[in-house]
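Asker: Can you keep this structure in mind? I'll have questions shortly.
The values are calculated or read from the model by the stated rules, or taken from the named source; none is laboratory data. None of these values were measured; they are calculated from a predicted model. Because the Cβ atoms are built from the backbone with ideal geometry, glycine has one as well, and the counts that use them run over all protein chains shown.
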There are 2 protein chains.
Amino acid sequence: MTLVLGVDIGGTDIKLGLVEGEGDIRGSGKIPTRPEEGPEAAAARVRLWLGESGDVQGKIAAAGVDCAGLVDGERGFLHVSPNLRGWENVPLRDIFERALGVPAIVENDANAAAYGEWAKGAGRGLKNFVCLTLGTGVGGGIVVNGALYRGSSGFAGEIGHAVICADGPLCACGNRGCLEALIGANAIVERAAGMLARAGESRSAWGASPTVEALSRAAASGDAIAAAAFRETGRWLGIALANVVHILAPEAIAIGGGVAGAGDLILEPARATVRDCRMDEAMASVRIVPAELGNRASFIGVSLLALGRLNGRR
Amino acid sequence: MTLVLGVDIGGTDIKLGLVEGEGDIRGSGKIPTRPEEGPEAAAARVRLWLGESGDVQGKIAAAGVDCAGLVDGERGFLHVSPNLRGWENVPLRDIFERALGVPAIVENDANAAAYGEWAKGAGRGLKNFVCLTLGTGVGGGIVVNGALYRGSSGFAGEIGHAVICADGPLCACGNRGCLEALIGANAIVERAAGMLARAGESRSAWGASPTVEALSRAAASGDAIAAAAFRETGRWLGIALANVVHILAPEAIAIGGGVAGAGDLILEPARATVRDCRMDEAMASVRIVPAELGNRASFIGVSLLALGRLNGRR
């Protein structure tokens, strides 16, 4: 039985999974990232975690490593990541191969999540599939003909940075009106706060800056302003999804990530926006569904990608 | 030697090409479309043209038929076309197979053009390639891993109807802020007229409603307002191209169609917008180039697609 280690590096935590060839999880865990200590220290801590996982030590055949940002899988480099300050032009693959003593691959986290959802989650059995990961950032991954699509530069799938409102709000990337600037967690919180202020109301329960989770709970318990903020967010998402359908015409688009926890508060207005889109023959066939693997999608996906590489597939 | 007939059906003319297996053109011609007479009459006129082409009669092995609109290549149907009023849910493949007595395929015209440019024009030898066709409408076609990408519905590649400015002008499709609504020929003409009016100037040379070609000549001879209209058009195009790079990361994007005759008047500001886009590692590797095959791109592409189908490739 081949075991692969999936290493999903976030800004706060590294999520770890020991994944079998068929995508089943043999073990999982979480350690702090501490990005300020650098990638070598993080890799050493992953090695330690693996050592403490006892009986599997020495048994992993490969490792898959993913994080947010521009990841050059071909050369094994992380160019730059929004969550990992100072990890710039880092040979992430080499660092993890040295620390773990097995072949490694590196991948963008949203690409990894899309591949995981395709292999084991919401995209199972589909030919063409897109997965969006909604959180502070908005990531995307594309599966074409049953393979992860990276494009010629390796940076394809950045649907979160496609512009849908050219004169819209400034995005963390420096451009205006990217999807991320309109539906990222910060945008949702600001939208709700703005709506609250315009309505001349206040909500002690929200605090100074509520989380998306708190807003989502509020909306679920009948808070009209929180609900309206999600509705508008969902409409923006729907515009982006209709664009994805126009360009890629996948069978399904899965929506994952922390913000997707708001569920139908966001998904229903998004679906309605897609339905209302003209050229309805093109729109009718796509399903917009919740992702199924939660925060395990990336480490499952990157493990299976590593396994595929090990077995000579790309 | 296998000859294939390429039939590119526009709103005014049908362009016809007799194409060899390698994509070389043995003969070509043009007949009126007269869409009001219906698709059967058009197919009969294509048959007549073929008959008049003398020595090739009876020698074509297949036909490829393309037009603008939602074309379902799998089932051989044209759902709806902006140029061909009344040709709705038409079994275009059957109609042409009956008229010509050979196997036929049907394809969207921008898909056909993209495939033609990939096989014989600006996309030769590339793995991932996108071609936009700018005219009254804005069409797109995508080549992934050396094959035309149609998506699961068959309607992929409609980059002209991806929204880049959600509160923008109304598009012919019924949505707002599609690329087509911002850079289609009518939008360019209206932009130039608006700029002229705001400047309090007039141009007898432009007439009441100048063509894009007239504006392009004016800009080339130093007309600052015409040049500014193309510059703004190019910036909108650049936003859409950056989106294409974010999502698809192709090696090159070719720009064809009548409006592309304006050349660097549009392409230079488009390239500058892409260059100025943040996440420059992603943007750096793409080339934005003029299409090379002019108005023969579609009939060449659809012929080669028909030949591929005949030979068992898709």
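Asker: When you scan region B:148-178, how many residues do you find that are part of a strand (DSSP E or B), at the interface with chain A (Cβ under 7 Å from one of its Cβ atoms) and surrounded by 24 or more Cβ atoms within 10 Å (Cβ to Cβ)?
Answerer: Summing the residues that are part of a strand (DSSP E or B), at the interface with chain A (Cβ under 7 Å from one of its Cβ atoms) and surrounded by 24 or more Cβ atoms within 10 Å (Cβ to Cβ) in region B:148-178 gives 1.
Asker: May I ask you to list the residues in region B:281-291 that are over 18 Å from B:A114 (Cβ atoms) and part of a loop (DSSP other than H, G, I, E, B)?
Answerer: Matches in region B:281-291: B:S285 only.
Asker: Here is a follow-up. Check whether at least one residue in region A:184-199 is at pLDDT 95 or above, part of a loop (DSSP other than H, G, I, E, B) and more than 14 Å from A:A262 (Cα to Cα), and report yes or no.
Answerer: no
Asker: Quick one: in region A:241-264, which of the residues that are over 15 Å from A:A114 (Cβ atoms) and buried (at least 20 other Cβ atoms within 10 Å of the Cβ) is nearest to the chain's Cα centre (by Cα)?
Answerer: Filtering region A:241-264 for residues that are over 15 Å from A:A114 (Cβ atoms) and buried (at least 20 other Cβ atoms within 10 Å of the Cβ), the one nearest to the chain's Cα centre (by Cα) comes out as A:V259.
This table checks each residue for (1) in contact with a strand residue (DSSP E or B) (Cβ under 6 Å, 6 or more places away or on another chain); (2) in the same structural domain as A:L78 (by TED's automatic domain parsing); (3) without any contact (Cβ under 8 Å) to a residue 12 or more places away in the chain.
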position: A:Y149; (1), (2), (3): yes, no, yes
position: A:H161; (1), (2), (3): yes, no, no
position: A:D167; (1), (2), (3): no, no, yes
position: A:V189; (1), (2), (3): no, no, no
position: A:P210; (1), (2), (3): no, no, no
position: A:P250; (1), (2), (3): yes, no, no
position: A:A254; (1), (2), (3): yes, no, no
position: A:G257; (1), (2), (3): yes, no, no
position: A:A260; (1), (2), (3): yes, no, no
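Asker: Tally time: how many residues in region B:69-120 are under 17 Å from B:G151 (Cα atoms), within 14 Å of chain A (Cβ to nearest Cβ) and in contact (Cβ under 8 Å) with a residue 24 or more places away in the chain?
Answerer: Number satisfying all stated conditions: 12.
Asker: Just to be sure before I move on: is A:D55 assigned to a helix (DSSP H, G or I), more than 30 Å from A:R124 (Cα to Cα), modelled with pLDDT of 95 or more and not small (G, A, S) in the structure I sent?
Answerer: no
Asker: Right, something else. Looking only at region A:1-29, how many residues end up being of a type outside the set (A, V, I, L, M) and within 22 Å of A:V71 (Cα to Cα)?
Answerer: Total meeting the criteria: 8.
Asker: Provide a single number: the residues in region A:243-287 that are closer than 17 Å to A:R231 by Cβ, within 14 Å of another protein chain (Cβ to nearest Cβ) and among the charged types (D, E, K, R).
Answerer: 2
Asker: What is the one condition in (1) in contact with a strand residue (DSSP E or B) (Cβ under 8 Å, 6 or more places away or on another chain); (2) of a type in the set (G, A, S); (3) surrounded by fewer than 17 Cβ atoms within 10 Å (Cβ to Cβ) that B:A272 does not satisfy?
Answerer: B:A272 satisfies every listed condition except (1).
Asker: Further, regarding this structure: Say whether the condition of being among the basic types (K, R) and closer than 28 Å to B:V143 by Cβ is met by at least one residue in region B:83-95.
Answerer: yes
Asker: For B:A219, indicate whether it is buried (at least 18 other Cβ atoms within 10 Å of the Cβ), within 14 Å of chain A (Cβ to nearest Cβ) and in contact with a Phe, Trp or Tyr (Cβ under 7 Å, 6 or more places away or on another chain).
Answerer: Considered against the rule, which asks whether it is buried (at least 18 other Cβ atoms within 10 Å of the Cβ), within 14 Å of chain A (Cβ to nearest Cβ) and in contact with a Phe, Trp or Tyr (Cβ under 7 Å, 6 or more places away or on another chain), B:A219 comes out as no.
Asker: Which residue is farthest from A:V65 (Cα to Cα), if the candidates are limited to region A:84-130 and must be β-branched (V, I, T) and under 18 Å from the mean Cα position of the chain (by Cα)?
Answerer: Applying the filter and picking the extreme gives A:V130.
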